[in-house]
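Participant: Pasting a structure here, questions to come.
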Amino acid sequence: MTDIHKLAGTIDGAARDARAIAQLSAGTTLTLEQAYAIQKASIDLRLTRGERRVGVKMGFTNRAKAVQMGVHDIVCGRLTDRMIIEDGGTVDFARYVHPRIEPEIAFLLKAPLEGVVTPAQALAAVEAIAPAMELIDSRYENFKFSLEDVVADNASSSGFVVGAWHRPDIDCSNLGIVLSFDGRPVQIGSSAAILGHPLRSLVAAARMTAAGGERLEPGWIVLAGSATAAEPLRRGLYVEAEVQSLGRVAFTIGN
Ligand code: OOG
Ligand code: MG
């Protein structure tokens, strides 16, 4: 029998100690449903310690990411306030195992979204949109995992940084995006790489969150997923994403 709470504790411990572990699927057979139950239970452990839920992240909404990681299904994960990186701030490298960064678009919700919604309904629930980056840090050795492993591990989510919020009437369907390290571009893409339109990712977030028995809440942030492949981070870097019409978001990695 798969012990959801024991495996959630294993994942939670690895994340707290910034320690890589073997894939859960190496020791047990996991269904996707069990993987999402482990994700929920591991995040519940954080909430019990006082962290606050602030939203949802979507993953593998972009082909370049799916190819990079060998996972071809859209996944979602949970964001808490402890994952927030201040725009312009500094992150402590020692908190992570093998962190990577990806440029994203963030939605801030003003109304709940639940279940099957149209892109127009999704847009009507959006208060604002912003340039963002997600710091992913798989808890698995060598950043390697199956679909079930990565879902159990909160879709690798470890940190995120959001830039200035803009009114949602900006057309975000095809915005140029540049990720740079110390001023040098390392990834170039477009928001169109996110399911053809980032709003489709918000639609998927509403559907998948409802399948997990929750809804997207007003005040929550939804990260639409990376517009490019992810880039490994190293100590001392100045990391910036610039999104056309939305501006820049940045942070430094401490030594
Ligand atoms: C999983 C997370 C994928 C995205 O934006 O596609 C993701 C991973 O690549 O480790 O966050
Ligand atoms: Mg991401």
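Participant: Report the label-to-label distance for Glu86 and Lys144 in nanometres (one decimal), using points 7 Å from each Cα along the Cα→Cβ vector.
Facilitator: 3.9
Participant: Let me ask you something else. Residues of the chain: accessible area per residue at 1.4 Å, in Å²?
Facilitator: Computed with neighbouring chains in place, this is 42 Å² per residue.
Participant: Which aspartates and glutamates, if any, have their Cα less than 17 Å from the Cα of Lys110, not counting same-chain residues under 8 positions apart?
Facilitator: By straight Cα distance, Lys110 reaches Glu127, Asp169, Glu214, Glu217.
Participant: So how much accessible area does His5 have, in Å² to the nearest 10, using a 1.4 Å probe?
Facilitator: Surface open to solvent at His5 totals about 140 Å².
Participant: Springs between alpha-carbon atoms under 10 Å, Gaussian network over the chain: tell me which of Arg49, Arg78, Arg215 tops the mean-square fluctuations.
Facilitator: Per the Cα network of the chain with a 10 Å cutoff, Arg49 tops the list.
Participant: As an exercise, take the mean of 1/r over every pair of distinct alpha carbons in region 1-142, invert it, and state the Kirkwood radius in angstroms.
Facilitator: 17.0
Participant: What does the convex hull of the Cα atoms come to per residue for region 66-220, in Å³?
Facilitator: Hull volume normalised by residue count: 125 Å³.
Participant: For region 4-253, give the share of DSSP beta bridges that are antiparallel, in percent and rounded to the nearest 5; count only bridges with both residues there.
Facilitator: Bridges in region 4-253 that DSSP calls antiparallel: roughly 85 percent.
Participant: Given a 1.4 Å probe and the protein chains all in place, what does the accessible area of Ile170 round to, in Å² to the nearest 10?
Facilitator: 50
Participant: Still on this structure: Please list Ile253, Ile188 in order of solvent-accessible area, largest first, computed with a 1.4 Å probe with all protein chains present.
Facilitator: Largest accessible area first, the list is Ile188, Ile253.
Participant: Quick one: pull the percent of accessible area on the chain belonging to carbon and sulfur, 1.4 Å probe, ligands and nucleic acids left out.
Facilitator: 50
Participant: Pick out, from Val162, Pro198, Val239, the residue whose Cα sits farthest towards the positive end of the charge dipole of the chain, with +1 on the Cβ of Lys and Arg and -1 on the Cβ of Asp and Glu.
Facilitator: The one lying farthest along the dipole's positive direction is Val239.
Participant: Please give the contour-minus-distance gain from Ile170 to Ala26: 0.36 nm per residue of separation, less the Cα-Cα distance, rounded to one decimal in nm.
Facilitator: Contour length minus the Cα-Cα distance gives 47.3 nm.
The values are calculated or read from the model by the stated rules, or taken from the named source; none is laboratory data. Being a predicted model, the structure only gives us computed values, none of them experimental. Cβ: placed from backbone, ideal geometry, glycine included. Neighbour counts: every protein chain shown. Ligands, DNA and RNA are stripped out before the accessible areas are found, and what is left, the full protein with its side chains, is counted by its heavy atoms. Shrake-Rupley method; radii C 1.70, N 1.55, O 1.52, S 1.80 Å.
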